[in-house]
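Provided herewith is a single structure, encoded as C-alpha cells, for subsequent inquiry.
The values are calculated or read from the model by the stated rules, or taken from the named source; none is laboratory data. Keep in mind the model is a prediction, meaning the values are calculated, not measured. Counting neighbours? That spans all protein chains shown, and the Cβs are built from the backbone with ideal geometry, glycine included. Heads up: the accessible areas ignore ligands, DNA and RNA and are worked out on the full protein's heavy atoms, side chains in. Shrake-Rupley method; radii C 1.70, N 1.55, O 1.52, S 1.80 Å.
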Amino acid sequence: MLKRKDLIGLIDVNAEELTEILDTAADMKRHLRDGDKQLPYLRGKTVTILFYENSTRTRTSFELASKYLGATVINIAAGSSSVAKGETLVDTGKTLDAQLNDFLIMRHPMGGAPYLLAKVAKAGVLNAGDGMNEHPTQALLDMLTMREHFGRLEGLKVAIVGDIKHSRVAKSNLFGLTTMGAEVRMFAPETLIPKGIDKLGAKLCSSKQEALDGADVVMGLRIQLERQQAGNFPSLNEYAEFYGVDGKSLQYANPNAIIMHPGPVNRGVELTGKEIDHEKSRIEEQVFSGIAVRMAVLKLLNDYRNHQA
Ligand code: CP
C-alpha cells in the first residue's frame, strides 16, 4: 500500500511505491482501453483542482481521472479565487478543508507551494507542477509509457534534451527513473543546466551525439520562455539547430528508440514536426497514460485515507 497522505514529488518515493503506482496505472489503462470509464473507487469523495498556472493536459487529465473514479470535482482558477483578493495559501487550505474536500490538486508557479498546502490541509494534496521543482504525475506517466514499450525501466538509457534548468518534468523524471535503475542523460546549453544536477544522478553530456548514442528514449523539453531571464541562448533558430531533436540526431539512438515530450511542444524548436508525428513518437500515448496514472495515484492515496480513518 502507498502509505502517504500526499504526492508532492518523486524525490522520496521508493522503487516499491513506484512499482505499485505503475502496476495500478497499467490496470487502469486496460480498463480505459476496454471503454470502461466507471471505476468508482472515489465515489462520495470530493476533489478540488486548484491551478495558479495555465494547463491543458494536466488539468483536464486530473479532472477526467477524478470523474472516472466517481468523485465530485470542483475547479478553481486562481484568477477567480479569493487568492486574487489577497487570501494566503494557508487560509485557502483551511477553507477547502472546512468544505470537507478529500483531495486538493494544485499547480503553482512557486516551488514548494504544494508542500506548504499539504502541511496545513487535512485533505490529500497532489502536486500538479510547482515552479521549477517537480511534476510527479508527469514523470509517472512518462515512466508508464516507457515501461509499456520496453517491458522494463531498469537499464534503459533515457536522453533528456532541452531546457533542464526550468523543467520540473526533468527533475521528477530524474528522481523516478534513477530509482528504478534507468540511466538519465541530460544535454542542454550550459545556461540551462541547473548546478548540481549531476550530483542527483544525471549523466551530463557535452554533445547531442553523446546524449543520444544508443539511447532508448529521446525526450525533448519545452523551452520555457515564460521562466527565462533574457540571454540563456542566442536565438530560437540556433537553439533548434544545436539542441533540437531531428531525424539526423535520432540516427545516434537505439533503432528501437521512442520519442517523447511532455507537451506543449514548440513545433520546430525542441522537435521537428516530422519527429512529433513520427511512428516512434509516443506523445499522444503519454497523454493517455496521464489519465491512468492520475487515476492510480488518486485510488492509492484514497485507499490509504480509508485505511487511516
Ligand atoms: N505536460 C504538462 O504539464 O502540460 P500542461 O501544461 O498542458 O498541463
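What ranking, highest mean first, results for peptides 109-121, 35-47 when packing means the other Cβ atoms within 10 Å averaged over each residue?
Top to bottom by mean Cβ count within 10 Å: 109-121, 35-47.
Sticking with this structure for a sec: ³J(HN,Hα) across the stretch 4-14 via Karplus (A = 6.51, B = -1.76, C = 1.60, θ = phi - 60°), whole Hz, x for Gly/Pro?
Result, rounded to whole Hz: 9, 7, 10, 10, 9, x, 9, 4, 10, 9, 8.
A further question follows. Order these peptides, 166-172, 148-154, by their mean beta-carbon neighbour count within 10 angstrom, highest first.
Listed from highest to lowest mean packing, they are 166-172, 148-154.
Computing the accessible area with a 1.4 Å probe over protein heavy atoms, can you report the carbon and sulfur percentage for the chain?
Accessible surface attributable to carbon and sulfur in the chain totals 50 percent.
So what is the calculated 222 nm ellipticity per residue for the chain, using -39500 (n - 2.57) for each DSSP H run with n of 4 or more, over all residues, to the nearest 500 deg cm²/dmol?
Using -39500 (n - 2.57) per qualifying helix, the result is -12000 deg cm²/dmol.
Same structure, new question: For a quick check of your reading of the filter: which GluC sites (Glu not before Pro) in the stretch 241-309 sit in a DSSP loop and have no more than 12 other Cβ atoms within 10 Å?
In loop regions of the stretch 241-309 (DSSP not H, G, I, E or B), the sparsely surrounded GluC sites (Glu not before Pro) are Glu279.
Only Cα pairs within less than 10 Å get springs; with that Gaussian network setup on the chain, which residue of Ile276, Ile21, Ile74 has the largest fluctuation?
The residue that fluctuates most here is Ile74.
In Å², and per residue, what accessible area does the chain have when probed at 1.4 Å with the other protein chains present?
Computed with neighbouring chains in place, this is 44 Å² per residue.
Could you order peptides 139-147, 97-105 by the average number of other Cβ atoms within 10 Å of their residues, highest first?
Going from most to least packed, we get 139-147, 97-105.
Given H placed on each backbone N at 1.01 Å, which residues far from Ala77 in sequence or on other chains put an amide H within less than 5 Å of it?
Residues meeting the criterion, in which the H sits 1.01 Å from N, do not exist here.
Using only alpha carbon positions, build the gyration tensor of the stretch 65-219, then give the equivalent ellipsoid semi-axes as the square roots of 5 times its eigenvalues, largest first, whole angstrom.
They are 35, 19, 12 Å, listed largest first.
Structure shown: which of Lys67/Lys122; Lys94/Lys171; Lys119/Lys195; Lys248/Lys280; Lys67/Lys165; Lys165/Lys203 lie over 23 Å apart, alpha-carbon to alpha-carbon?
Over 23 Å apart, Cα to Cα: Lys94/Lys171; Lys119/Lys195; Lys67/Lys165.
Output wanted: per-residue J couplings in Hz (rounded whole) for the stretch 144-154, from phi through Karplus 6.51 cos²θ - 1.76 cosθ + 1.60, θ = phi - 60°, x for Gly and Pro.
4, 5, 5, 5, 5, 6, 9, x, 6, 10, 4
In debye, nearest 20: dipole of the chain around its Cα centre with unit charges on the Cβ of K, R (+) and D, E (-)?
Once rounded to the nearest 20, the dipole reads 680 debye.
With only Lys, Arg, Asp and Glu charged, each at its Cβ (+1 for the first two, -1 for the last two), find how big the charge dipole of the stretch 195-309 is about the Cα centre; round to the nearest 20 debye.
Computed about the Cα centre, the dipole is about 460 debye.
Continuing with the same structure: Per Stokes-Einstein, at 20 °C and 1.002 mPa s, what whole-number D in µm² s⁻¹ belongs to the stretch 136-282, with the Kirkwood radius over Cα pairs as the hydrodynamic radius?
Calculated translational D: 143 µm²/s.
I need the phi-derived Karplus couplings for the stretch 292-299: 6.51 cos²θ - 1.76 cosθ + 1.60, θ = phi - 60°, integer Hz, Gly and Pro marked x.
Calculated HN-Hα couplings, in order: 4, 5, 6, 4, 4, 5, 4, 4 Hz.
Amide H to amide H, which residues 5 or more places from Ser281 or on other chains are under 5 Å from it, using H placed in the peptide plane?
Ile259
Now for a different question. I'd like the distance separating the alpha-carbon centroids of the stretch 256-309 and the stretch 155-181, in whole Å.
Between the Cα centre of the stretch 256-309 and that of the stretch 155-181, the gap is 14 Å.
Also, I was wondering about something else. Taking every DSSP beta bridge with both residues inside the chain, roughly what % is antiparallel (nearest 5)?
Antiparallel: roughly 5 percent of the beta bridges in the chain.
Oh, and also: Arrange the residues Asp27, Asp6 by how much accessible surface each exposes, largest first, with a 1.4 angstrom probe.
Greatest to least solvent exposure: Asp27, Asp6.
Binning at 10 angstrom from zero up to the longest distance, how are the C-alpha pair distances of the chain distributed in percent?
6, 28, 34, 22, 8, 1
Label Ala84 and Ser55 with points 7 Å out from Cα along Cα→Cβ: what is the distance between them in nm?
Simple spin-label model gives 1.9 nm for this pair.
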